[in-house]
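Below: one structure, written as structure tokens.
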Amino acid sequence: MAAGRGAGPVGIGIIGAGVISQRYLENLTAFPDLDVRFIADIELSRAQDRAHSFGIPRAGTVADLLADDQVEIVANLTSPAVHADVDRQIIAGGKHIWSEKPLALDRASGREVLESAQAAGLRVACAPDTFLGAGLQTARRLIASGRIGDPQSALLLFQTPGPDLWHPSPEFLFARGGGPLFDMGPYYLTALVQNLGPVASVMATGTRARPVRVIGSGPNEGTEFAVDVPTNVHALITFESGASAVAVLSFDSYLRRAGGIDVMGTLGTIQTPNPNTFTGPSTIFTADTPDGEVVPPSGFEYGRGCGILDLARSIRAGVREQAPAELAFHVLDIMDATAESIAAGNVVRVLSTVEPSPVLPDAWNPAARTL
Ligand SMILES: NC(=O)c1ccc[n+]([C@@H]2O[C@H](COP(=O)([O-])OP(=O)(O)OC[C@H]3O[C@@H](n4cnc5c(N)ncnc54)[C@H](O)[C@@H]3O)[C@@H](O)[C@H]2O)c1
């Protein structure tokens, strides 16, 4: 069973002290319901630097982190290729998991993580947690209130020149488990599933503009690396409800577009904020408001790490967390089906399903002390 004190702030360990750990730690160390105890990385100096910057009591190896009885939840912030392997170690260590996205490289390894956690009585929750932000929660409440009628279809366009321009070690973003599908797909697909329900099938095409890219920043700037995955994906998605969506996810466009999702309903259209952000207004277009009515986000503003906070409170309360493994697995299933459709050129059914997580109350506040 999971170690831990069972009352008071929940002990957090972090594995992976890379780029994104900075954002997490800014928030996790500020939430009074969490107590960040330990940070580990195979590059020990990275873990030590982060521990020093954020006043974390311990830094060290993964084995030492897992032996720490004060750690109840481990945030796996490593790169996608090792997510499942690190998760296996965390489960063997008896801790609950928060995983960065994607949950795993494919359905088979994702399912294995879920099943072994379940057998051990441990929880797995998974990024993204952006859909818990005031922006997407407000959009969700507007859709749930009936403002656009029944959702019928959706459109999303994510286009950039690619993260090789700014990430100091971007190779993993162009390897299996990366590309715009597995890197950005989790944000957009999670928001789609939350608003239109589970997906039934996908038909997709994919292209790759360049087989080799160049690291654009950091100590290895100028180094070439191979691109192993499609860097431009077009998908036609059919939902169990019969609704449909068109998705463009691209690292091959010098025109940058990282907008929200347009959801077309029987009475109106809503444009949500960018699902890779925690805030931003929604705009509603109806027969009465053809130029759009801008609705500001309502609720508390918070950032990356609020999914871990929700997991911690949910463990203590004995309720389902907002970003459960079943949701991440369904999104992984959609991405895997999309990759299969690109390779095979036909429609691929998505066999898993999930119940969207309930809308959060307006007063949900990760910065409050509740434990
Ligand atoms: N960089 C971003 O803006 C961003 C944003 C959102 C989510 N993410 C996700 O966060 C994860 C990490 O991304 P990143 O950009 O921080 O990557 P990164 O390469 O900067 O950091 C990953 C860290 O994990 C460590 N690591 C790798 N294998 C390990 C192992 N077996 N045991 C212990 N440590 C290990 C590495 O040494 C490195 O410090 C990815 O899943 C990515 O999709 C990144």
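Over the chain, what is the relative contact order in percent, taking alpha-carbon pairs closer than 8 angstrom and at least six residues apart?
RCO, the chain: 21 percent.
Go through segment 262-371 and name the trypsin sites (Lys or Arg not before Pro) that are in a DSSP coil and have 10 or fewer other Cβ atoms within 10 Å of their Cβ.
Here the trypsin sites (Lys or Arg not before Pro) that fit, given the DSSP loop and packing criteria, are Arg369.
What is the magnitude of the charge dipole of the chain about its Cα centre, with +1 placed on the Cβ of each Lys and Arg, -1 on the Cβ of each Asp and Glu, and no other charges, expressed in debye to the nearest 20?
The dipole of the chain has a size of about 260 debye.
Give me the distance between the Cα centres of segment 77-98 and segment 331-371, rounded to whole Å.
Segment 77-98 and segment 331-371 have Cα centres separated by 19 Å.
For segment 176-224, state the average projected area of the convex hull of the C-alpha atoms over all orientations, rounded to one decimal in nm².
Averaged projected area of segment 176-224's Cα convex hull equals 5.1 nm².
Let me check I have the definition right: for segment 63-187, take the eigenvalues of the Cα gyration tensor, multiply each by 5, take square roots. What are those semi-axes in whole Å, largest first?
For segment 63-187, the ellipsoid semi-axes come out as 30, 21, 14 Å.
Based on the alpha-carbon gyration tensor of segment 252-371 and its eigenvalue square roots a ≥ b ≥ c, which shape applies: rounded if a/c is under 1.5, prolate if not and a/b is larger than b/c, or oblate?
oblate
Counting only GluC sites (Glu not before Pro) that sit in a DSSP loop (anything but H, G, I, E, B) with at most 15 other Cβ atoms within 10 Å, what is the longest stretch of the chain containing none of them?
44-220
Indicate the helices, whole DSSP H runs only, in the chain that combine a mean Kyte-Doolittle hydropathy of 0.0 or more with a Cα extent along their long axis of 24 angstrom or more.
Span-like helices in the chain: 325-344.
Around Val74, which amide H atoms from residues at least 5 apart in sequence, or from another chain, sit under 5 Å from its own amide H, with H modelled in the peptide plane?
Result for Val74 returns Gly13, His96, Ile97, Trp98.
With n ≥ 4 as the cut-off for DSSP H runs, can you work out [θ] at 222 nm for the chain, using -39500 (n - 2.57) per run divided by the number of residues, rounded to the nearest 500?
-9000 deg cm²/dmol
Give me the percent of the accessible area of the chain that comes from carbon and sulfur atoms, probe 1.4 Å, all protein chains in place.
Accessible surface attributable to carbon and sulfur in the chain totals 54 percent.
Given the options Met203, Gly280, Gln159, identify the residue whose Cα lies farthest towards the positive end of the charge dipole of the chain (+1 on Cβ of Lys, Arg; -1 on Cβ of Asp, Glu).
Of the options given, the answer is Gly280.
Distances longer than 19 Å among the Cα atoms of segment 226-295: what percent of all pairs is that?
In whole percent, the long-distance tail amounts to 51.
Work out Dmax and Rg for the chain from the C-alpha atoms and quote the Rg first, both in angstrom.
20.1, 61
With a/c under 1.5 counting as rounded, go ahead and sort segment 132-295 into rounded, prolate or oblate using the C-alpha gyration tensor (a ≥ b ≥ c being the square roots of the eigenvalues; past the cut-off, prolate if a/b is larger than b/c, else oblate).
prolate
Might you report the magnitude of the Cβ-based charge dipole of segment 10-126 about its Cα centre, with Lys and Arg at +1 and Asp and Glu at -1, to the nearest 20 debye?
180
Rounded to the nearest 20 debye, what is the charge dipole size of segment 90-210 about its Cα centre when +1 sits on each Lys and Arg Cβ and -1 on each Asp and Glu Cβ?
200
State, in angstrom, two size descriptors of segment 113-222 derived from its alpha carbons: Rg to one decimal place and Dmax to the nearest whole number.
That works out to 18.0, 52 Å for Rg and Dmax.
The values are calculated or read from the model by the stated rules, or taken from the named source; none is laboratory data. Because the structure is a prediction, the values reported are computed rather than measured. So basically every Cβ, Gly included, is an ideal-geometry build from the backbone, and we count neighbours across all protein chains shown. Accessible surface is based on the protein model in full, side chains and every heavy atom, while ligands, DNA and RNA are left aside. Shrake-Rupley method; radii C 1.70, N 1.55, O 1.52, S 1.80 Å.
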